[in-house]
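Structure first, then comments.
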Amino acid sequence: MRKKRNPQCSMELHYVPHEICSQLSGISQWLDAHPQFNDWIYEDLSSGDKQNTGRNGLSAESVLRAALLKQYLNCDYDYLSFVLMDSMLFRDFCRLEPNQRPSRSSLHGLISLLTASTWERINNCQLVLVQKRIRQS
């Protein structure tokens, strides 16, 4: 059974005095300001589900954050799986539950379900934000 969010997971990133932590914190705040993204991702992930039973998988929010982290790190699924097991910062960013250790194959399978139209909608929201900032300056 998949959830849209992991509400019990920390909303704060594990603080590390480094630029990467600051950048991920900014991305996290932007994602929190757009909860509709989780709805869109949930729709993509649920499109192939035939039943809503079984153990809890990664939430839609965690899948989105893992996909963005993969792009941010410019890495393959094997390395993404490793850093999500090893790094508290990256686990916090993806809002994983304490017992969640996503494998390379599960990350690949979930992230590949995200449609081009969903990514386009997310990118359009980012463009609107950039346009607003340009007008304000």
Here the Cα Rg-to-2.2 N^0.38 Å ratio for the range 34-137 is 1.16
Charge tally for neighbours of R121 with beta carbon under 15 Å away, counting Lys, Arg as +1 and Asp, Glu as -1, is -4
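Please give the calculated 222 nm ellipticity per residue for the chain, where each DSSP H segment of at least 4 residues contributes -39500 (n - 2.57) and the sum is spread over every residue; nearest 500 deg cm²/dmol? Present the calculation step by step, with values, prior to reporting the outcome.
Numbers: 7 runs with 85 residues, N = 137.
Calculated mean residue ellipticity at 222 nm is -19500 deg cm²/dmol.
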Expressed in square angstrom to the nearest 10, the accessible area of Y72 with a 1.4 Å probe stands at 80 Å²
Partner aspartates and glutamates whose C-alpha sits under 16 Å from that of K70, ignoring same-chain residues fewer than 8 away, are E61, D78, D86, D92
About its Cα centre, the chain carries a charge dipole, from +1 on Lys and Arg Cβ atoms and -1 on Asp and Glu Cβ atoms, whose size in debye to the nearest 20 is 240 debye
Measure of exposure for I27: accessible area at 1.4 Å probe, Å² rounded to 10, is 50 Å²
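The values are calculated or read from the model by the stated rules, or taken from the named source; none is laboratory data. All values derive from a computational prediction rather than experimental measurement. In this analysis, Cβ positions are derived from the backbone assuming ideal geometry, glycine residues included, and neighbour counts consider all displayed protein chains. Calculation scope for accessible area: heavy atoms of the full protein, side chains included, ligands and nucleic acids excluded. Shrake-Rupley method; radii C 1.70, N 1.55, O 1.52, S 1.80 Å.
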